[in-house]
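Peer 1: Before anything else, here's the structure in question.
The values are calculated or read from the model by the stated rules, or taken from the named source; none is laboratory data. Values in this document were obtained by computation on a predicted structure and should not be read as measured data. Cβ sites come from the backbone with ideal geometry, for glycine too, and all protein chains shown count toward neighbours. Keep in mind that these areas ignore ligands, DNA and RNA; they rest on the heavy atoms of the full protein, side chains included. Shrake-Rupley method; radii C 1.70, N 1.55, O 1.52, S 1.80 Å.
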Amino acid sequence: MTKPAWIVRPGLVPYDLANAAMHELAERRVAGDIPDTLILLEHPPVFTAGRRAKPEELLWGEKEVIARGAEVRRIDRGGSFTFHGPGQLVGYPILDLGATPDAAAHLRRIEDTVIRAGIEIGASLRRRDDVQTGVWHGDDKVCAIGVRLMRARVSLHGFALNCDTELSWFRGIVACGLPDRGVTSLSEITGRNVSVAEVRPIVERSAAAVFGLAFEPAPDRVASAFVARSAAV
């Protein structure tokens with residue numbers, strides 16, 4: 001049995017504006033005003049630091065990051081530093097996990113969503129038992145995951161799947177706080193260009209199957225807010 005849910009596909013959206021919109025939707029989900037919602041988008045270049053991030057894991061320093069055309073943001077998800085940029089599919093599942101939420105199971109479902117999508121694309125992906133979260137190809141991470149539960153119930157933040165991302169950006173950080181691990185993309189793994197446009201509907205179908213959701217487009221009042229925001233890029 002599936003639950004009705006919303007899907008939002010706003011394209012390229014500045015991080016600060018998307019982050020604010022995500023938190024607003026999570027508050028509305030806590031209040032029961034909206035159904036479960038999945039946001040699938042891209043960001044202009046930005047390094048985000050979760051609650052476990054250490055200052056020394058930002059290898060370039062904020063002035064150099066800005067000079068290279070990116071930003072640094074410290075945010076309220078778990079995890080360490082990661083990078084978001086064009087060519088990366090970012091997913092924010094805004095889901096009510098119930099009165100007794102299982103955060104670990106939620107993380108495993110996000111991993112399963114990406115691993116299933118990888119099979120359809122032709123990429124061999126897996127989780128690793130020696131690290132807390134993420135999706136991997138060998139010793140290289142292809143998808144970073146970090147979440148938060150609002151009011152100990154509703155999930156926000158989510159995953160960042162490298163499709164045809166410019167991987168040189170990751171030289172600016174110790175990605176996910178793992179200095180002995182690398183970073184890769186679906187394009188690198190498959191040996192062909194794998195774009196966000198190709199991957200997005202596959203991930204959407206996979207998420208629907210894993211989380212038991214039946215997606216329909218969010219109402220115009222939700223979608224248009226992201227469009228208006230993204231016009232500032």
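Peer 1: Please work out which one of (1) outside any loop (DSSP other than H, G, I, E, B); (2) touching a strand residue (DSSP E or B) at 6+ places or on another chain (Cβ under 7 Å); (3) over 25 Å from V227 (Cβ atoms); (4) touching a residue at least 40 places away in the same chain (Cβ under 8 Å) is the condition G79 fails and give its number.
Peer 2: Only one criterion in (1) outside any loop (DSSP other than H, G, I, E, B); (2) touching a strand residue (DSSP E or B) at 6+ places or on another chain (Cβ under 7 Å); (3) over 25 Å from V227 (Cβ atoms); (4) touching a residue at least 40 places away in the same chain (Cβ under 8 Å) is unmet by G79, namely (1).
Peer 1: From the set of residues in region 76-89 that are more than 16 Å from P45 (Cβ to Cβ) and not polar (S, T, N, Q), which is surrounded by the fewest Cβ atoms within 10 Å (Cβ to Cβ)?
Peer 2: Here the answer is D76.
Peer 1: Within the group R109, R73, which residue is closer than 25 Å to S185 by Cα, part of a strand (DSSP E or B) and open to solvent by 10 Å² or more (accessible area, probe 1.4 Å)?
Peer 2: Within the list R109, R73, the selection yields R73.
Peer 1: Does V114 satisfy being open to solvent by less than 10 Å² (accessible area, probe 1.4 Å), of a type outside the set (F, W, Y), under 24 Å from A21 (Cα atoms) and in contact with a Ser or Thr (Cβ under 9 Å, 6 or more places away or on another chain)? Write out each step before concluding.
Peer 2: Working: open to solvent by less than 10 Å² (accessible area, probe 1.4 Å): yes; of a type outside the set (F, W, Y): yes; under 24 Å from A21 (Cα atoms): yes; in contact with a Ser or Thr (Cβ under 9 Å, 6 or more places away or on another chain): yes.
Yes; evaluated as a whole, the condition is true for this residue.
Peer 1: Go through region 19-58 and count every residue that is under 23 Å from S80 (Cβ atoms), of a type in the set (A, V, I, L, M, F, W, C), modelled with pLDDT of 95 or more and in a helix (DSSP H, G or I).
Peer 2: Summing the residues that are under 23 Å from S80 (Cβ atoms), of a type in the set (A, V, I, L, M, F, W, C), modelled with pLDDT of 95 or more and in a helix (DSSP H, G or I) in region 19-58 gives 2.
A quick yes/no check of all residues on (1) touching a residue at least 40 places away in the same chain (Cβ under 8 Å); (2) of a type in the set (A, V, I, L, M); (3) in contact with a Pro (Cβ under 9 Å, 6 or more places away or on another chain); (4) assigned to a loop (DSSP other than H, G, I, E, B):
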residue	(1), (2), (3), (4)
A144	yes, yes, no, no
D164	yes, no, yes, yes
W169	yes, no, yes, no
A214	yes, yes, yes, no
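Peer 1: In this structure, is I39 of a type in the set (A, V, I, L, M, F, W, C) and surrounded by 21 or more Cβ atoms within 10 Å (Cβ to Cβ)?
Peer 2: It is true that I39 is of a type in the set (A, V, I, L, M, F, W, C) and surrounded by 21 or more Cβ atoms within 10 Å (Cβ to Cβ).
A quick yes/no check of all residues on (1) open to solvent by 40 Å² or more (accessible area, probe 1.4 Å); (2) not β-branched (V, I, T):
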{"residue": "M150", "(1), (2)": "no, yes"}
{"residue": "S155", "(1), (2)": "no, yes"}
{"residue": "G158", "(1), (2)": "no, yes"}
{"residue": "C163", "(1), (2)": "no, yes"}
{"residue": "I173", "(1), (2)": "no, no"}
{"residue": "S206", "(1), (2)": "no, yes"}
{"residue": "A209", "(1), (2)": "yes, yes"}
{"residue": "G212", "(1), (2)": "no, yes"}
{"residue": "A223", "(1), (2)": "no, yes"}
